[in-house]
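Remarks on the structure that follows.
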Amino acid sequence: MSDTSSEIILHNYPQSPVAEKARIAFGIKGLAWRSVEIPRLTPKPMLTKLTGGYRRTPVMQIGADIYCDTQCILRELERRHPLPTFFPTPDAGLMWCLSRWTDGALFDLTVKVILGSAGDGLPQDFAEDRGRLYFGPDWAAGLRAANAALPHLAAQLRAPLHWANDQLSDNRTFLLGKDPAAIDAQLYHMIWFLRGRWDQGPTFLSEFTHLARWEENVSNIGHGTMTGMSPEDAISRAAAHEPVTKPATDPRDPQGLKPGMQVTVSPDLDGGEQPVEGKIVVANSDTVCVLRQDPDIGHVCVHFPRAGYRVDIDDA
């Protein structure tokens, strides 16, 4: 790709299940992209230099626009590359609603099974980092509780997997029919995570025969065309461009957010994460974008989903 302003850069690491969701999304659309490998654990100085503090994986970069959370990533990919679509049926709204479950409660349950089953076998630094992120301030007690409740948690996970298995029982190729959709990537990353990171995962998944066939179909989509990129080159890429997002006002915004307002944005849970500070560029029902300035990069526009994120207005 010669136009570096539109080149897709994904900041990720190979073991990340949520990054796998984005990688499958690239495969669905047959996209070429650059991969910047980031550390699994904080600190992640090259990433947070772009995001202003956001440390979760993955983050997508296009020029000087930075997209946090796969909600934003999939939405922007669909806008820039509408065909083949992530929404091959007239059910886009329903799929977004369902994704809040696959990416929310269902993924949280999967994390509890995987981390809880590992128990004391987790490396201390990894246990502390992920425990704080997913279990809150008293993360050690949360991990112990997940370990003690493992049979219950597995039972809670088994029920929805049967629902998905039933959906596929007519031998359809993907969840909605013959064409892959966003919801395939959004469910697949959880199955990929279970199979690869829980020692009982393959045995647990073995009863879902239709789901296993679908899992292979999704895996065969691949990841598009990936080439590597260094973190330094990604930083230089952002510095060489200006954000392309234009200011926009939503008169119905419940918080009254308008371009130019100083705010902080963070995930809407207590994961011990650093809020991102900046000035509103766009705030609507789906997205909030903030403009920030880094002394080494210049201006970057950082995009977050509205669902699942908290925006606080700076009253100073």
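The values are calculated or read from the model by the stated rules, or taken from the named source; none is laboratory data. Note that this is a predicted model, so its numbers are computed, not measured. Heads up, the Cβs are rebuilt from the backbone with ideal geometry, glycines too, and the neighbour counts pull from every protein chain shown. Heavy atoms of the whole protein, side chains included, go into the accessibility calculation; ligands, DNA and RNA do not. Shrake-Rupley method; radii C 1.70, N 1.55, O 1.52, S 1.80 Å.
General observations
- Residues that are crowded, with 17+ Cβ neighbours inside 10 Å, closer than 24 Å to S169 by Cβ and at pLDDT 95 or above do occur in segment 219-229, at least one of them.
- Qualifying residue in segment 289-300 (condition: out of contact with any Lys or Arg (no Cβ under 9 Å at 6 or more places or on another chain) and without any contact (Cβ under 8 Å) to a residue 12 or more places away in the chain): yes
- Checking R237 against (1) of a type outside the set (S, T, N, Q); (2) assigned to a strand (DSSP E or B); (3) open to solvent by less than 40 Å² (accessible area, probe 1.4 Å), the condition it does not meet: (2)
- Residues being surrounded by 15 or more Cβ atoms within 10 Å (Cβ to Cβ), modelled with pLDDT of 95 or more and of a type in the set (S, T, N, Q) - total across segment 1-49: 4
- Inside segment 180-204, residues that are of a type in the set (A, V, I, L, M, F, W, C) and in a loop (DSSP other than H, G, I, E, B) make up a count of 2.
- Residues satisfying the stated conditions in segment 206-234, i.e. in contact (Cβ under 8 Å) with a residue 60 or more places away in the chain, outside any helix (DSSP H, G or I) and not aliphatic (A, V, I, L, M): G222, H223, G224, T225, T227, G228, S230
- Summed over segment 93-110, residues that are open to solvent by less than 40 Å² (accessible area, probe 1.4 Å), closer than 15 Å to C72 by Cα and over 15 Å from the mean Cα position of the chain (by Cα) total 1.
- T48 over 13 Å from the mean Cα position of the chain (by Cα) and of a type in the set (V, I, T): yes
- Beta carbons closer than 7 Å, at least 6 apart along the sequence or on distinct chains, pair a first residue in segment 243-266 that is on the phi > 0 side of the Ramachandran plot with a second that is crowded, with 16+ Cβ neighbours inside 10 Å for G260/K279; G260/I280.
- Of the residues making up segment 294-316, at least one is part of a strand (DSSP E or B), within 12 Å of G52 (Cα to Cα) and open to solvent by 40 Å² or more (accessible area, probe 1.4 Å).
- Residue in segment 112-127 that is open to solvent by less than 60 Å² (accessible area, probe 1.4 Å), part of a loop (DSSP other than H, G, I, E, B) and closer than 30 Å to L83 by Cα present: no
- Complete set of residues in segment 142-157 that are surrounded by 14 or more Cβ atoms within 10 Å (Cβ to Cβ), assigned to a helix (DSSP H, G or I) and not polar (S, T, N, Q): G142, L143, R144, A145, A146, L150, L153, A154, L157
- Screening V290 on (1) assigned to a strand (DSSP E or B); (2) touching a Leu at 6+ places or on another chain (Cβ under 7 Å); (3) open to solvent by less than 20 Å² (accessible area, probe 1.4 Å) shows it passes everything except condition (2).
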